Amino acid sequence: MQQTLLEIKNLSVNFLTINGTTQNAVNNISFTINRNEVVAVVGESGSGKSVTALSILQLLPKQIVNYPNGEINFYFNNQKQNLLQLNTKQLQQIRGNHIAMIFQEPMTSLNPVITCGNQVIEAIMLHKKLTYKEAKRQTIELFEKVKLPNPSNILKKYPHQLSGGQKQRVLIAMAICCQPDLLICDEPTTALDVTVQKEILNLLKELQQETKMGVMFITHDLGIVAQVADKIIVMYKGNMIEENSTQQIFSAPQQPYTKALLACRPALYSKGTKLPVVSDFLNNPQCTPLLHKILKQIF
């Protein structure tokens, strides 16, 4: 029996701007993430993926964000908490300890003037109330777990002294240091080359299977989620337009937008070919036969 970890129920998100309220940055979406499940949220830039993720941990600026309706229910310690109703102190007990997040660009997520080791050590000391010596020992173990070379040496390095893949592994170590129930990955491989990207995806999948945590994986690339996700949620202009198992999404997509996303994967086209974009299929009836031809080749 699957155990619900996160339940987003009829959530809408608006933003206040100098020109008034931006309606429906996220519009009445609902989905669940279970323990030991990887749920991918996919869609183009601006579809509402990151807004949804940041709303879970209440990381959007309070002075400009508004939640006109909805709930974000998180289940832990045999209780249910609506994260939208918690105060800052209560949220701090959940952030890191129960829900952790890996951001898109590791260079901007790590402090450039503090060694990588001390950044993870600080997080462990803050959340676990351990001594510096014990936190340092656990940091080295975490660096070994995320397969960083020579962990004791990485401990002393500053972010600019590491490669992109190594920095991302440091962020992963920091995110899992408190063994969270839910891990949110916001495009964690976008800034990496293809080889490193695959290594990071394999690492995240290994860690998820080992710890049985739930994972929310945000990306615009359906090719990536095919490797890691159990379920896919497709978003378009703030709306959730399709939800199904990964197998069903890839074998029998229902919505035109989902079909267009699948047809735009670069791997389907030979080198030197002009790549189509989603709008080519959605706004141009002449491309409909081409879409059917491409989907026939996929399936």
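Where a number appears in this text, it was derived from the coordinates with a stated rule and is not lab data. Source: prediction; values computed, not measured. All Cβ positions, even for glycine, are placed from backbone atoms using ideal geometry, and neighbour counts span all protein chains on display.
Students often get this wrong: which residues of region 97-137 have the backbone nitrogen under 15 Å from the point 7 angstrom along Cα-to-C-beta of HIS160?
Answer for region 97-137: 107-116.
Which residues' amide hydrogens lie under 5 Å from the amide hydrogen of PHE76, considering only partners 5 or more residues apart or on another chain, with H built in the peptide plane?
GLN81
Test of understanding: what is the full-extension gain from ALA226 to GLN63, defined as 0.36 nm times their sequence separation minus their Cα-Cα distance?
Stretched fully, the ALA226-GLN63 segment lengthens by 54.9 nm.
Using Cβ counts within 10 Å as a stand-in for footprinting exposure, how do THR211, THR195, THR139 rank, fewest first?
THR195, THR211, THR139
To make sure I understand the rule: partners must be lysines, Cα under 16 Å from the Cα of LYS145, and not fewer than 8 residues away in the same chain. Which ones qualify?
LYS136, LYS167, LYS205, LYS212
Work out from phi, with θ = phi - 60° and the Karplus expression 6.51 cos²θ - 1.76 cosθ + 1.60, the ³J(HN,Hα) of each residue of region 204-209, listed in order in whole Hz, and give x for Gly and Pro.
4, 5, 4, 5, 5, 5
Would you mind working out the magnitude of the charge dipole of the chain relative to its Cα centre, with +1 at each Lys and Arg C-beta and -1 at each Asp and Glu C-beta, to the nearest 20 Debye?
420
Mind giving me the nanometre distance, one decimal, between the label points for SER279 and GLU134, set 7 Å out from Cα along Cα→Cβ?
5.6
With a 10 Å Cβ neighbour count serving as the proxy for reagent exposure, in which order, fewest first, do ASP181, ASP280 appear?
ASP280, ASP181
Within region 1-68, which trypsin sites (Lys or Arg not before Pro) sit in a loop by DSSP and count at most 13 neighbouring Cβ atoms inside 10 Å?
Passing sites in region 1-68 are LYS62.
How much length is gained if the chain between ASN28 and SER251 is pulled fully straight, taking 0.36 nm per residue apart and subtracting their Cα-Cα distance, in nm to one decimal?
So the extension gain works out to 77.6 nm.
What nm distance separates the two modelled labels at GLU105 and ASN239, each placed 7 Å from Cα along Cα→Cβ?
Simple spin-label model gives 3.2 nm for this pair.
Between ASN150 and LEU84, what is the label-to-label distance in nm when each label sits 7 Å out along the Cα-to-Cβ direction?
Between ASN150 and LEU84, the simple spin-label model gives 5.1 nm.
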